[in-house]
Every structure is written in C-alpha cells, then in structure tokens.
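Participant: Structure in structure tokens, see below.
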Amino acid sequence: MAKITKQEVKHIAKLARLNLGDKEVEKFEKELSLVLDYIKVLDEVDVSTIEPTSHPFKIKNTTRKDEPVSDKSNDQAEKIIGLAPDTKNNYLKVKPILK
Amino acid sequence: MSLVDLNIKQIHSGLKKKDFSAFEICQEYLGRIKSKDKEISSFITVDEEAALNKAKQADELIAKNSDIPFLFGVPCAIKDNMMVEGLKCSAGSKMLENYYSFYDATAVKKIKNENAIILGKTNLDEFAMGSSTENSFFGPTKNPVDLDRVSGGSSGGSAAAVSAKLSAFTLGSDTGGSIRLPASFCGAVGLKPTYGSVSRYGLIAFASSLDQIGPIARTVDDVKIVFDSIKGKDSLDSTSLDYKEDSFDFSVSELKIGVPKEYFVKGIDPEVEKAIKNAIKKYENMGAKIEEISLPHIKHSLACYYIICCSEASANMARYDGIRYGYSENQKSKNLLETYLYSRENGLGEEVKRRIMIGTYSLSSGYYDDYYLKAQKIRTLIVNDFKKAFEKVDLIFGPVSPFLPFRIGEKIEDPLSMYLVDMYTVSVNLAGLPALSLPCNDPGKLPIGLQIIGKPFEEGKILKAASFY
C-alpha cells in the first residue's frame, strides 16, 4: 500500500501554500494514502513507448494581434482594484516579503 | 398549463404569436423560484429586478419586430462559475463569496445577444469540484425528484433548476461529468460539447485541458438550440476551435451503435444496468445495429483523470492568494507567506484542498514521472481507444453513472467512493469528445441517464440520434 507520511503531507501543504491544522494533516495522511493507492492501478500499464497527451486535440499556439481593446465602460480598472481586499491609493497592499 | 411548462420552442412561437409577453413568463418563473427553491436550493443568486427589466425591454423590441432569435425572452440561469456582468460569481466558495463579475463570459454574452433573460446564478460544488453539489459553501442542492437525494454535481443547481421548472434552460460546465451527471440524476437533458467548441472565456478555471461549457434543458431540441447559440471560435479563448458545421440527416436504421463490454461490470447498480440495456434494446428494435466494442484502457480512466484534473487544479488554484481578490487574511498576517497560508486555509473548502494536495503531490519533484507524466501517457491510450472504436461505430451508448441518485450525506465522508460516481464520464473529457445525458428511466422512478458519446464535432449526430428515443 502506498503510504504517505505526516511529514510528506506537511511538505506538500507547504509547496501548495496551504496551512493545515493537526487534524487536517492526520485526515490527509489517511485519505491521500488511499487515493494514491487507488492510482497505483496505472502501474499495470506499460507506457514505455507511449507519447504523453496534454491536450485533447493537436492545436498549435494561436495568437491574436496585440492591440489595445477599448471597452464600452472605462471604469474596469477601478472595478478590478475594487475587488482587492487591501488597497492604498489604487495600489494593492502586500505584506513584506523580506524580513 | 402554466407558462413554466413550455419548452424553448413553445416559448418562441408563443412570443411571436403574442400569446403572452416575455414579462409574463419572467414573472411566472420568478414566482416559482420564490415558492419552490427554498426546499431545493438550486440558486445562489436571483436577479429579480434586472430580469424583469430585461423582459420589459424584450417586449418593447418584439412589438417593433417579431422576427426574433430562438432564445429571445427565454428565462435561463447560469452556473455560478461563469461571469455575468454585475452579478456575484462565487464558484460555490467562501473564497469568492463577495466577488462581482465586471464582464460577461463569451457563452453568456452570446445568449444575452439573443435577449435571453438571465434569472440568476445556480449552485455548484466548490470550484466545480465534486459529484453531488454537497461541496458548495452555500449548502447542497437537493434533487427535485426526491429531496432526500443529491442533485449530482458539479452543475447540480443548473440541472435541478431545469428539472424543477425554475428555469427554461441553464448553462453548466463539465470537467469530468459535471453536466451529464446532474442531468442524469435530475432527469434533464445535458450536453458536454467537444472540447474547444464553446469558448471558456469567463469560466472560472478548474482543469483547463478538460473544462467545457454546455447546455442543460428539458428536451433534446432545446439543448440543440442553446448549443447552436453558444458554440464557435472566440478570439478570447485560444483553445476554442472553428465549429465545422455538419448537417446530420439519417434514419435510425442507418445507425451503428457501439456498446463497450467494459461498461457492464461489477459495481453498476442493477436498476441502472437494466434501464440502459432497455434503452439500447429500444434502438435495436427501431432498426439500429448494435455492436459490442472494447475500450481496453477505460478501466484506468478514473485514476488517470484524477491525477490530471488535480494537477491542473493545483496550478489553477494558485491564483487565490488573498491579495488580488477573494477571501483574505492579509490584514491579519505578519508577512506575505502568512497571507497565502491563512487566506487559502480559511477561504477554501475541504475537497478543493484535497485536490490541491493530490495535484501538488503528482507534480512534485520525484513523483512527476510516476504520476503526472504517466497519467498523460495513459490519456493517449484512452484517446486511441475511442479513435479505434469510432472507426467501427457512429456512436457509443452506455450509462452516465453506475449509481442511482444517492442520498445526501451517503458518500461525502468517503472521497474515493465519490470519485467512483464519475467512472463512465471522465474518459470523454480526457479524449475531448462530445457526449449527451438523455433521461431513459420510466417516469415516476428515480432518473437514469443514457450516455451517448460521439466523435469530435459530431454533436449534431448525437442530438439527431437522441431525438429518435
């Protein structure tokens, strides 16, 4: 059985920028082990010569002209900033990154 | 007969003949939502005032010119993970509880251009992650056929609203079955279109290589009308594709229907199996040729799907950082890392966290080859299985789900058993194919959906075949 440890759960949570309480760590330890165990069925398949698929159809990168598009309303920027939880003078406020 | 009993075609001809006004239908629906939705909870937002205003405007337009498009004046609702300008767009999450859309999703814009009347936004599993709508921050949507049972998910609100006649049609989204499953559970018709046939612009991303917007309605004809309105290439979605228009005109006796032998195995509810086999028999009796086919890798599709959808979800969910929009602990945090950690901890629900964890694990250093890359290779095998099958048959028939609509609370504590609900639907998304859920159980019983799968861009063939039922 695939066994994922508490340490691993904490490591993954840190990578995912998720704070987990002790109870959640314990819960995920059990649940993720079960899910990963289920996923192990894929080991039955020999894929050594198979190419991966990342998209259902083979489409190439599509681009459009890089031109400014004017919208009927000119207050979109204001609305976008207005959605931010913490702002000052129309800037987003962010906590210090460096100590 | 009440106005809410009319399908889109009937509304269309009634409006043209001035049997009733758009305002009257809109009022009738809003009244019904008020009296019925307390027990069903299919709506998160009802926009009464705007809907009535739009309906009034529609009536003024039709007084001048009665040459109207099909969706003109037709009351509808939109899954709450698609942008409708000016309305809240919560994605069923605490994270976006107070998020307002400042633009329209392309699919929404298209139905608005036909003057469809948007009544409101419908409930869903948080960020469309789930199979029962029990993962919504706003509580589950109940199945209108049996209120003790789930509506299916993740577009449970959209399917229940159609089934309970709270909306003439709705838009849903389908990443691994999220249109077909709730349509099946609620007894509605739901179409998951070919990947790329409907623009995803303005749809909140869950797993970008799988997500697709589609219609849920009461009849096959209505689904076709809505699909024809929303499909087509969009410069705002680089994965959208030109829709190759094909007219499909054939009789049932020309149809070759494939039935995968892998579909009827241990685990399927006998009542579901019986209903699906009866439906297939009905086509056979009408003259269609039924052929047993094999999709040898289908048994691996669920594991493959959950690795891919969780990996993509973990990347898509990284945008919820507590800084630009959504639930935030920024003001209480000491540094940027704390803003991330606590905003996500307190703003996201359990299933979303679970999928972020599975996805992050699958993509992390040391596991990437064993999980994500491997799943992508299995995906190739599944795509090839379908290609091979479609060399021999026109359409593939099977169940939408192995289970009948289950009771609320029955599976929510066991994530793996919940994932098994999707065993027949996820492979279709992995291969980017179109598929329909068509109600096929006897009236009065719990609904069961027949799944009809087609080749890419052959929605027309699926819908034509479904119209024979």
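Participant: With a cut-off of at most 10 other beta carbons within 10 Å, and DSSP calling the residue loop, which trypsin sites (Lys or Arg not before Pro) in the range B:11-61 qualify? Please list them.
Facilitator: Those satisfying the criteria are B:17.
Participant: Using a Cα-Cα cut-off of under 22 Å, which lysines could be cross-linked to residue B:34, ignoring same-chain neighbours fewer than 8 residues away?
Facilitator: B:54, B:56, B:79, B:88, B:121, B:142, B:165
Participant: Quick one: 3J(HN,Hα) in Hz for the range B:216-228, Karplus 6.51/-1.76/1.60 with θ = phi - 60°, rounded, Gly and Pro as x.
Facilitator: The phi angles translate into 10, 8, 8, 10, 4, 4, 5, 4, 5, 4, 5, 4, 4 Hz.
Participant: Could you work out how far helix A:22-39 tilts from the main Cα principal axis of chain A, as a 0 to 90 degree angle to the nearest 10?
Facilitator: 70
Participant: Okay, next question. Show the residues, 5+ positions off or on another chain, whose built amide H is closer than 5 Å to the amide H of residue B:122.
Facilitator: It is B:44, B:78, B:79, B:80, by chain and number.
Participant: Using only atoms on other chains, find how many Cβ atoms lie within 10 Å of each Cβ of peptide B:325-334 and report the average.
Facilitator: Per residue, the number of nearby Cβ atoms from other chains is 3 on average.
Participant: Further question: In whole Hz, with x marking every Gly and Pro, tabulate ³J(HN,Hα) for the range B:405-422 from phi via Karplus 6.51 cos²θ - 1.76 cosθ + 1.60, θ = phi - 60°.
Facilitator: x, 8, 6, 4, x, 5, 10, 5, 7, 10, x, 5, 5, 5, 5, 5, 4, 8
Participant: From the Cα gyration tensor of the range B:389-436, with a ≥ b ≥ c the square roots of its eigenvalues, which class applies: rounded if a/c is under 1.5, or else prolate if a/b is larger than b/c, or else oblate?
Facilitator: prolate
Participant: Oh, and also: Before anything else, pin down the relative contact order of chain B: Cα pairs under 8 Å, at least 6 apart, normalised by residue count, whole percent.
Facilitator: Relative contact order for chain B comes out at 17 percent.
Participant: Next up: Determine, for each peptide in B:69-75, B:45-51, the mean count of other beta carbons within 10 angstrom over its residues, then list the peptides with the highest first.
Facilitator: B:69-75, B:45-51
Participant: Along the charge dipole of the protein assembly as shown, which of B:78, B:290, B:223 sits closest to the positive end, that is, farthest toward it, with unit charges on the beta carbon of Lys, Arg, Asp and Glu (+1, +1, -1, -1)?
Facilitator: Final value for the positive-end residue is B:78.
Participant: How high is the relative contact order of the range B:3-230, in percent, with contacts defined as C-alpha pairs under 8 Å that are six or more residues apart?
Facilitator: 20
Participant: What shape does the range B:10-94 have by the C-alpha gyration tensor, where a ≥ b ≥ c are the square roots of the eigenvalues, rounded means a/c under 1.5, and otherwise prolate means a/b greater than b/c and oblate the rest?
Facilitator: prolate
Participant: Moving on to the next point. Please sort by residue number the trypsin sites (Lys or Arg not before Pro) in the range A:39-90 whose DSSP state is loop and whose Cβ has at most 11 other Cβ atoms within 10 Å.
Facilitator: A:58, A:60, A:64, A:65, A:72
Participant: Just tell me which lysines come within less than 19 Å, Cα to Cα, of residue B:377; anything on the same chain fewer than 8 places away is out.
Facilitator: The reachable lysines, counting only those whose Cα sits under 19 Å from residue B:377, are A:40, A:58, B:299, B:387, B:388.
Participant: Further question on the same structure: Nearest 10 degrees, 0 to 90: what angle lies between the long axis of helix A:6-15 and the longest principal axis of chain A (Cα atoms)?
Facilitator: 20
Participant: Per residue of chain B, what 222 nm ellipticity follows from adding -39500 (n - 2.57) for every DSSP H run with n ≥ 4, rounded to the nearest 500?
Facilitator: -11500 deg cm²/dmol
Participant: Run through all the Cα pairs of the range B:82-180 and give the fraction in each 5 Å bin from 0, expressed as whole percent.
Facilitator: 3, 15, 22, 25, 21, 11, 3, 0
Participant: Using the crude model of +1 on Lys and Arg Cβ and -1 on Asp and Glu Cβ, and no other charge, please compute the dipole size for the protein assembly as shown relative to its Cα centre, in debye to 20.
Facilitator: Here the size comes out at about 480 debye.
Participant: Further, regarding this structure: I'd like the Karplus ³J(HN,Hα) series for the range B:45-61: coefficients 6.51, -1.76, 1.60, θ = phi - 60°, whole numbers in Hz, and an x wherever there's a Gly or Pro.
Facilitator: 10, 10, 10, 4, 4, 5, 4, 5, 4, 4, 5, 4, 4, 4, 5, 5, 5
Participant: Ignoring ligands, DNA and RNA and using a 1.4 Å probe, state the total buried accessible area between A and B in Å², rounded to the nearest 100.
Facilitator: That pair hides around 5600 Å² of surface in total.
Participant: Run the reach check for residue A:93 against aspartates and glutamates, Cα to Cα strictly under 13 Å, same-chain hits fewer than 8 apart removed. What comes back?
Facilitator: Cross-link targets: B:321, B:329.
Participant: For the cross-link pairs B:256/B:445; A:60/B:244; A:3/A:27, which exceed 20 Å when the distance is taken from alpha carbon to alpha carbon?
Facilitator: The answer is B:256/B:445.
Participant: Could you order A:23, B:445 by accessible surface area, starting with the largest, using a probe radius of 1.4 Å?
Facilitator: Largest accessible area first, the residues go A:23, B:445.
Participant: I would also like to ask the following. Per-residue mean of other chain beta-carbon atoms within 10 angstrom of the beta-carbon, peptide A:33-45?
Facilitator: 6
Participant: For the range B:115-185, give the magnitude of the charge dipole about the Cα centre (Cβ charges: +1 Lys/Arg, -1 Asp/Glu; no others), in debye to the nearest 20.
Facilitator: Charge dipole, the range B:115-185, about its Cα centre: 220 debye, nearest 20.
Participant: Averaged over A:75-82, how many beta carbons belonging to a partner chain fall within 10 Å of each residue's beta carbon?
Facilitator: For this peptide, the per-residue mean of nearby foreign Cβ atoms is 2.
Participant: Under the rule a/c < 1.5 gives rounded, and otherwise a/b versus b/c splits prolate from oblate, where does the range B:153-308 land using the Cα gyration tensor?
Facilitator: rounded
Participant: Separate question: Per DSSP helix of 4 or more residues, -39500 (n - 2.57); summed, then divided by the residues of chain A. What does that give at 222 nm, rounded to the nearest 500?
Facilitator: Result for chain A: -11000 deg cm²/dmol, rounded to the nearest 500.
Participant: Let me ask another. For the charge dipole of the protein assembly as shown, defined by +1 on Lys and Arg C-beta atoms and -1 on Asp and Glu C-beta atoms about the Cα centroid, which residue among B:415, B:23, B:96 has the Cα displaced farthest towards the positive pole?
Facilitator: So the residue furthest toward the plus end is B:96.
The values are calculated or read from the model by the stated rules, or taken from the named source; none is laboratory data. Because the structure is predicted, anything quoted here is derived from the model rather than measured. Please note: Cβ atoms are built from the backbone with ideal geometry, for glycine as well, and neighbour counts cover all protein chains shown. Remember, those area values only see protein heavy atoms, side chains included, never the ligands or the DNA or RNA. Shrake-Rupley method; radii C 1.70, N 1.55, O 1.52, S 1.80 Å.
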